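Novice: Let me begin by handing over the structure; questions about it come next.
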Amino acid sequence: MSGFQSGWIPPTLLACVLVSGGAARAQSAGGTGAEKNASAAAADYAGAEACAGCHEDLSKAFARNPHFVLDKNKRWAGKACEACHGPGAKHADSTSAEDIVNPVRLAASKTDAICLSCHRNQPTQVGRLEGGHSRSAIACTACHDMHKTGPESSFARLKRNAAVTELCSGCHRDMAAAFLKPHHHKVPEGAMSCTSCHNPHGAFMSRNLRMASSGAEPGCLNCHADKRGPFTYEHAPVRNEPCTTCHEPHGSVNPRMLTRQEVYIVCLECHANLNVPTKGGLLGGVPPAFHNMSVPRYRNCTTCHVKIHGSNADRGLLR
Ligand code: HEC
Ligand code: HEC
Ligand code: HEC
Ligand code: HEC
Ligand code: HEC
Ligand code: HEC
Ligand code: HEC
Ligand code: HEC
Ligand code: HEC
Ligand code: HEC
């Protein structure tokens, strides 16, 4: 394993992974004709030098690929190409596309299996199977290209907010459009990206949402730590409900990205004299009688209840 300096794959798991081999393992599950043909020659590696003989440009460029480190790994030294493409002796002979694994031509689950044979122990992949992308057959290769180099490669581009957002927006046009509303997170401006809040690989929270570093709290708190508390007097929904009970996360026509045009309408969705059972429910108490809703002043709830996310001084969230 020496020379294989990877910060994120535990060496023991990496060893087991590298022995089983990415593409070789995916093939053994059977599948398309091409895969079966390739698996017939399962043990026969051609070596990267052979590949370079015919795929010259691509092989030269590979020296600048992050996966070039595989060449320093005992298991793959001299045959790094075949870590993803499977044993290639037969193909090197026939030059037929039928005889080699091309990850983009496989079913998404098989492409993922190749990549995850090495990458699944990274923290970022932890929720992969639960994530919407895996369930909807969006393979790794939908977002990552493997052979481009320089600034145009996904390796370089996906380190930039604007490029990440562009990638996501290509499929999620409706979500991208929400950021064009007047009150929005500065995603179109490039100050943050879709992945500031979502993990594209999946997450245990619904909607692939990131959590705050401290545990099962909404990822919003990574940036809005002042809303975390603990407060002596909490506002129940801030603690118990997602922030999206009151806020649109992407963008909104309403100030403060609220779900409703006016603050009091947000409040009265819970604090109203409605005949709804409240036991174990969400509804807060009804405002005391002096709150006269026909007087405009009282409709501006947060001019008085200024500590709307929680207070350390006042039970009524007034200061
Ligand atoms: C003797 C020449 C030769 C050698 C050696 C060779 N290839 Fe190829 N390879 C080709 C040709 C020609 C094609 C195009 C086949 C086609 O489009 O029908 C090809 C196509 C491919 C494809 C694309 C298949 C597809 O689905 O379109 C991959 C991937 C590939 N080669 C990988 C490799 C790897 C990895 C090695 C080394 C193990 C290798 N090749 C060695 C000639 C070669
Ligand atoms: C980390 C996995 C991985 C490694 C290592 C790898 N490839 Fe690929 N290769 C892919 C994927 C995925 C594709 C599909 C197209 C893409 O994503 O760029 C591909 C596509 C290809 C193609 C098809 C041509 C094309 O541009 O679409 C050839 C030929 C090829 N690879 C050859 C090689 C050779 C030669 C090496 C070693 C120098 C190598 N690959 C190493 C994953 C890999
Ligand atoms: C044989 C093991 C192996 C396989 C298979 C493999 N990778 Fe990798 N991958 C690595 C290693 C090792 C690195 C380099 C890590 C480093 O530089 O710390 C890497 C780096 C990467 C990076 C760059 C990470 C960064 O920080 O910029 C991406 C993206 C990536 N791989 C995606 C893929 C995808 C997609 C596939 C499947 C097509 C794949 N890998 C297949 C071992 C593998
Ligand atoms: C929906 C698009 C998408 C899919 C699908 C996807 N990725 Fe990524 N990946 C990204 C983006 C964007 C980044 C850049 C980091 C970020 O913004 O969080 C990234 C980063 C990475 C990195 C760098 C480490 C890190 O966490 O920053 C690796 C390695 C990686 N992806 C591997 C994979 C593998 C393996 C798969 C398939 C199992 C995959 N990705 C599927 C979009 C995707
Ligand atoms: C190749 C198209 C494609 C790309 C690129 C893509 N997605 Fe998706 N995404 C989908 C599909 C398909 C679904 C599942 C259907 C749906 O919920 O809309 C999905 C679902 C999601 C979901 C909902 C997940 C759930 O569990 O309900 C989120 C959040 C998401 N994507 C975020 C992103 C982000 C962030 C990026 C950019 C890093 C991205 N997507 C890139 C196609 C894509
Ligand atoms: C400030 C954090 C944040 C940012 C930035 C963000 N999202 Fe979201 N996104 C959320 C939250 C929170 C939800 C869950 C909303 C809910 O459950 O009502 C969500 C939901 C989604 C969904 C699922 C919607 C549905 O109805 O199924 C998709 C898809 C999505 N976001 C894509 C994106 C894309 C694409 C971008 C970048 C253009 C992006 N998001 C940027 C926080 C964010
Ligand atoms: C990556 C950091 C980051 C994350 C994560 C984040 N925000 Fe923000 N948010 C900001 C910044 C920076 C601003 C203020 C800058 C601006 O004007 O856009 C802001 C502003 C806001 C505003 C006030 C908008 C206004 O019009 O005054 C609300 C409300 C908000 N965020 C809610 C959320 C919610 C809810 C989440 C989780 C779904 C979240 N934020 C996640 C960085 C973040
Ligand atoms: C009960 C409804 C409600 C919930 C739940 C809620 N907020 Fe708010 N939030 C508001 C209201 C109302 C305002 C506007 C206050 C005003 O009018 O000055 C606001 C304003 C904000 C602002 C901008 C002004 C400021 O105080 O910084 C941010 C940022 C914000 N909320 C983040 C969050 C986050 C993060 C969460 C989840 C932890 C959250 N909110 C949960 C109602 C709520
Ligand atoms: C999602 C439902 C919900 C929304 C929306 C909501 N609240 Fe609450 N609120 C509650 C609950 C539940 C309590 C706790 C009631 C209890 O402990 O009896 C509470 C408590 C309060 C309290 C403290 C009262 C007490 O009895 O301790 C005040 C003041 C308050 N809310 C004001 C507001 C204002 C102003 C808004 C609008 C910005 C608002 N709330 C929006 C559910 C909500
Ligand atoms: C002019 C200032 C003012 C405005 C505007 C206002 N309130 Fe109040 N509210 C108060 C005061 C003062 C109390 C009494 C607090 C106490 O007893 O500690 C109170 C109490 C409450 C309580 C009960 C708190 C408790 O301790 O039992 C709720 C719920 C509440 N308000 C909700 C609202 C809602 C919803 C709005 C907007 C529709 C609103 N308030 C607008 C001043 C205001």
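Novice: All but one of (1) in a loop (DSSP other than H, G, I, E, B); (2) within 12 Å of ligand 8 (Cβ to nearest atom) hold for PHE204; state the number of the condition that does not hold.
Specialist: (2)
Novice: Every residue in the stretch 129-187 that is within 16 Å of ligand 7 (Cβ to nearest atom), under 30 Å from VAL101 (Cα atoms) and basic (Lys, Arg), please.
Specialist: LYS159
Novice: So how many residues does the stretch 70-91 have that are within 10 Å of ligand 2 (Cβ to nearest atom) and either outside any loop (DSSP other than H, G, I, E, B) or touching a residue at least 40 places away in the same chain (Cβ under 8 Å) (or both)?
Specialist: Within the stretch 70-91, the first condition is being within 10 Å of ligand 2 (Cβ to nearest atom), and the residues that meet it are 70-71, 76, 79-85, 88, 91.
Okay, now just the ones that are also either outside any loop (DSSP other than H, G, I, E, B) or touching a residue at least 40 places away in the same chain (Cβ under 8 Å) (or both), so 70-71, 76, 81-85, 88, 91.
Within the stretch 70-91, residues that are within 10 Å of ligand 2 (Cβ to nearest atom) and either outside any loop (DSSP other than H, G, I, E, B) or touching a residue at least 40 places away in the same chain (Cβ under 8 Å) (or both) number 10.
Novice: Let me ask something else. Tell me, yes or no, whether the stretch 175-184 has at least one residue that is crowded, with 18+ Cβ neighbours inside 10 Å and free of Cβ contacts under 8 Å to residues at least 60 places away in the same chain.
Specialist: yes
Let's see how each residue does on (1) of a type outside the set (A, V, I, L, M, F, W, C); (2) near ligand 6 (Cβ under 10 Å from one of its atoms); (3) without any contact (Cβ under 8 Å) to a residue 12 or more places away in the chain:
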| position | (1), (2), (3) |
| --- | --- |
| THR124 | yes, no, no |
| LEU129 | no, no, no |
| HIS144 | yes, no, no |
| HIS147 | yes, no, no |
| ALA156 | no, no, yes |
| GLU166 | yes, yes, yes |
| GLY170 | yes, yes, yes |
| ARG173 | yes, yes, yes |
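Novice: Still on this structure, please answer the following. If the Cβ limit is 6 Å and pairs must be 6+ apart or interchain, which residue in the stretch 234-262 that is more than 16 Å from ligand 4 (Cβ to nearest atom) pairs with which residue that is of a type in the set (Phe, Trp, Tyr)?
Specialist: HIS250/PHE179; GLY251/PHE179
Novice: Additional query: I'm told ASP226 meets every condition in (1) within 15 Å of ligand 7 (Cβ to nearest atom); (2) crowded, with 17+ Cβ neighbours inside 10 Å; (3) not aromatic (Phe, Trp, Tyr) except one. Can you identify the failing condition by its number?
Specialist: The number of the failed condition is (2).
Novice: How many residues does the stretch 113-131 contain that are farther than 8 Å from HIS201 by Cα and outside any loop (DSSP other than H, G, I, E, B)?
Specialist: Of the residues in that region, 8 qualify.
Novice: Could you say which residue among ALA156, ALA163 is over 15 Å from the mean Cα position of the chain (by Cα), part of a helix (DSSP H, G or I), at pLDDT 95 or above and closer than 18 Å to PRO66 by Cβ?
Specialist: Answer to the selection: ALA156.
The values are calculated or read from the model by the stated rules, or taken from the named source; none is laboratory data. Here the structure is a predicted model, which is why all the values come from computation and not from measurement. Positions of Cβ are generated from backbone atoms using ideal geometry, with glycine treated the same way; all protein chains shown enter the neighbour counts.
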